[in-house]
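Below is one structure; the comments refer to it alone.
No lab work stands behind these numbers, since they all come straight from the coordinates. Since we're looking at a predicted model, the values are computed, not measured. For neighbour counting, all protein chains shown are included, and Cβ atoms are generated from backbone atoms with ideal geometry for every residue, glycine included.
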């Protein structure tokens, strides 16, 4: 029977044992899995396929006693890949759910095995999280898609600035005649007030009683107004001379329009009542006189502001120069300051202002419009005798009063405030650089010289006091932070000297170096614990500097920081104006936690870069922009903040004032053209004219008051 099975199966017992193991009683019993009829038939066909024949055994070779080379290994040819086997999907809802559940359980087990692989950090990570303060990182600028190539644009021609002059010389030049000019503004204002009184019909005084007829009374009042206007023009000769100089230089500004209004109004006053009957419509001499006073007021305010700025720059030998550097922090510009000689400051003070540049375009159009409107309202209407009256009214309205005060008045108000803080704006080129940006705050901005003092000196381990002080002062000088000065004074008081140091490395919270083959660590308490320096109980002082030599604590220096009361309001003003204060401090003690706990500063709104980035931002040898924004004669955040915010507000104030000035000039010219063209003498009275012009002056006065309210 066994032979029959062997014959029926086609395999011998020895072959089966060689394939599946030796014959044993403990061999597991193989039970055939029940299959469907179709699957069993397909499997039987696969079994009946012919098997590949085994290669014949190699013939034995004769041994000649010599070493044989290794035989090459024959790699069987790779079989062509079969068609992918179809995935066996269990049929039936119960089997599908079971397979799915089993897969989910295996995935859950795998996740549970690896869930706590990184849960327990190393000791170094724990120490870093505990002792190193949190820092902010810069955002990487997004790479914009490449743009198609364009034709290269021509380089804009840079405006030539006036020659650079020493600030002291400029202050002396602008001081000449400044007092008399201010007095002339007051006297001209009094004369103008008299002209306004003459132009109004007062209930308690009648001009008809002084003359034989109403026409004679009208001519008398017109003559008095003409004399008063001529007197105002003589007092405001600065405006007339500025207009003549602008014509010679082909640079037209608002002063030229005011001068033309003065000329035409004088002619109209001399001819009023002789060419035609104008009823009770007097010449607009009072309105023109107010325009001349505003023009002189604007010139005086700008000259006084320039003189104050030059005086501030001349007072300091090496002031701080504030610049706006592009791509300084977070791919945005930021204000920075450096101690340097203010090269080019004098030329920037003498530069032309932005409103004057805009009026180079607007003034010719307004002048041309005034002439055309006067011709159309008089000759075009068949009444050429009205030309001087129409031209007088048109040019008086075109010389809008805000245009004469748009830059000088707010500039003077802001310069007086900055003068008290020891700061000055660098003319219009500096104001033009002001905008929304960050501001780099260093140690001296928060704690100027004298604001940090060493309370006492504690020495440990029997180390000489002179040695500990010398080592600490040497590393702090290498760090070049705000503690360099107080420890220099302490060094001189102890009679010590600086030592040679090598291998200086800056860390978060401290600095390390090699002095006389000894490893020296100087920093905060957290830095010492980070470096495995043991601190005794009671020595963990936050506002203190520690010194360790070869891993052993050698000195403790408690510090006393005095914060200027103006720092907190200055930071609040910067944050309120959407500026981004960036703490680029080098002092290891000055960290956000210390500023918040000790001085209640809004550190959550401040940027605090890493130590290496802070060193770059506060590097005194870094490159800066060539255009100065402001000059600071003192240390401290108050002057820095007010100069930056003041320049930004002055730029906005000039733009808003210029908008009101041009709008008022254009609208006034159109209204006077309409009234003069229809001969509305009764509507174009002095009182109505004054109300219209004062309505456009009020916004400029409000803007001037707003420019220093921060």
So for the pair residue 500, residue 621, with labels modelled 7 Å out along Cα→Cβ, what separation do we get in nm?
2.0 nm
Would you mind computing, in nm to one decimal, how far apart the modelled labels at residue 575 and residue 267 are, each placed 7 Å from Cα along Cα→Cβ?
6.3 nm
Rounded to one decimal in nm, the spacing of the 7 Å Cα→Cβ label points at residue 326 and residue 536 is 5.9 nm
Percent RCO, i.e. relative contact order, over the range 588-710, from Cα pairs under 8 Å lying at least 6 residues apart:
24 percent
Average Cα contact separation per residue, the range 453-592, under 8 Å, 6 or more apart, as relative contact order %:
26 percent
Arrange the peptides 458-471, 384-397 so that the one whose residues have, on average, the most other Cβ atoms within 10 Å appears first.
384-397, 458-471
25 Å tail of the calculated P(r), the range 558-692, as % of Cα pairs
52 percent
Isotropically averaged projected area of the range 417-503, using the convex hull of Cα atoms (one quarter of hull area), nm²:
9.6 nm²
For the range 253-364, the Debye formula with one identical point scatterer on each Cα and no solvent gives log10 I(q)/I(0) at q = 0.11, 0.24 Å⁻¹ as -0.63, -1.26
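Once you keep just the Cα pairs under 8 angstrom separated by 6 or more residues, what percentage relative contact order results for the range 225-321? If you can, show how the numbers build up before the last one.
Details: 70 pairs, mean separation 32.1, N = 97.
Once normalised by length, the contact order is 33 percent.
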Rounded to a whole number, the Stokes-Einstein D of the range 250-315 in µm²/s (Kirkwood radius over Cα pairs; 20 °C; 1.002 mPa s) is 148 µm²/s
How much length, in nm to one decimal, is gained on full extension between residue 381 and residue 213, taken as 0.36 nm per residue of separation minus their Cα-Cα distance?
57.5 nm
Kindly provide log₁₀ I(q)/I(0) values, in the same order as q = 0.17 Å⁻¹, from the Debye equation applied to equal alpha-carbon scatterers of the range 616-662.
-0.69
